[in-house]
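Asker: Input: one structure, supplied below.
Only the coordinates and a few stated rules stand behind these numbers; no lab work does. Keep in mind the model is a prediction, meaning the values are calculated, not measured. Please note: Cβ atoms are built from the backbone with ideal geometry, for glycine as well, and neighbour counts cover all protein chains shown.
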Amino acid sequence: MKIIVCIKQVPARDSQLKVDASGRWIQEGDLSFEINEPDAYALEEALQLKEKHGGEVIALCAGPARASQTIREALAKGADRAIHIEDEQVSTWDTLGLARLLAKAAAAEKPDLILTGLQSDDLGSGQTGVVMAELLGAPSATIIMAVEVLNGNIRVKQELESGWFQHIDMPLPAILTIQSGINKLRYATLMGIKKAKSKEVKRLTTAELGGATAPTATTERVYLPKKAKQTQLLEGSAKEAAAKLVEKLKFEVRVI
């Protein structure tokens, strides 16, 4: 089974973010970067499928030159080889533009399965996998909790709302977005880190994939959320105040 895992490099979660001069993105010069955590779960699922059924795992990443660090991490964890679509302007691409390039690079490999994380930690659109599926004409399913290979097809466990799940039988090739937390992530071993240095990383340019397309959606402004403190006094009896508090927590704060 040949499995492609789409991975992305994003700012580390503990980064102190600042908006850049354009107001449309963040300052990246002083940031440290890491693999997008949801994509790490997709990689782990791919590695476990390979251990059960054989084949190879290919990490596919679109990003600037610094993304090679994230690619090496995927190789150290067990991916067999990687494809790097190298471009310094990835942050200006919209979901459709990114999905087109990823889909074209993936199609050349003729994979049995393409896995993505549920969403990225930086933009969080959660659409790349399903847009790739549409472009490739492949069946897709999202929020996947488990994948089982059955006689050349797959059966997936999909998370629904309110603790409900459904099982779906799907033909291959297919594209799945993997739910975070379904597996325990592995660490790269010292041997894996050594082996990663000799594994193939195929580099592609956007020109080789037909060039970047004009974005259909653009970011006009990014900004840090405003912090504010507010005190409200809830009048009435203890029972009435408690009812008002529950209502505010449910409909205004939305934490219950």
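Asker: Considering region 21-50 alone, what residues qualify as being in contact with a strand residue (DSSP E or B) (Cβ under 7 Å, 6 or more places away or on another chain) and of a type in the set (A, V, I, L, M)?
Answerer: Listed by number, the residues that qualify are I26, L31, I35, A42, L43, A46, L47, L49.
Asker: Here is a list: I193, I178. Which entry is surrounded by 10 or more Cβ atoms within 10 Å (Cβ to Cβ), in contact with a Leu (Cβ under 8 Å, 6 or more places away or on another chain) and touching a residue at least 40 places away in the same chain (Cβ under 8 Å)? Talk me through it step by step, then tell me what you get.
Answerer: Numbers: I193 fails: in contact with a Leu (Cβ under 8 Å, 6 or more places away or on another chain).
After ruling out the rest, the residue left standing is I178.
Asker: For region 61-70, check the following and say yes or no: at least one residue is free of Cβ contacts under 8 Å to residues at least 40 places away in the same chain and either in a strand (DSSP E or B) or among the basic types (K, R) (or both).
Answerer: No, the conditions are met nowhere in region 61-70.
Asker: Something else now. Please pick out the residue among G137, G117 that is on the phi > 0 side of the Ramachandran plot and not aliphatic (A, V, I, L, M).
Answerer: Details: G117 fails: on the phi > 0 side of the Ramachandran plot.
Every option except G137 fails the conditions.
Asker: When you go through P171, P139 one by one, which is the residue that is within 30 Å of R100 (Cβ to Cβ) and in contact with a Gly (Cβ under 9 Å, 6 or more places away or on another chain)?
Answerer: Values: P139 fails: in contact with a Gly (Cβ under 9 Å, 6 or more places away or on another chain).
Checking each option against the conditions leaves just P171.
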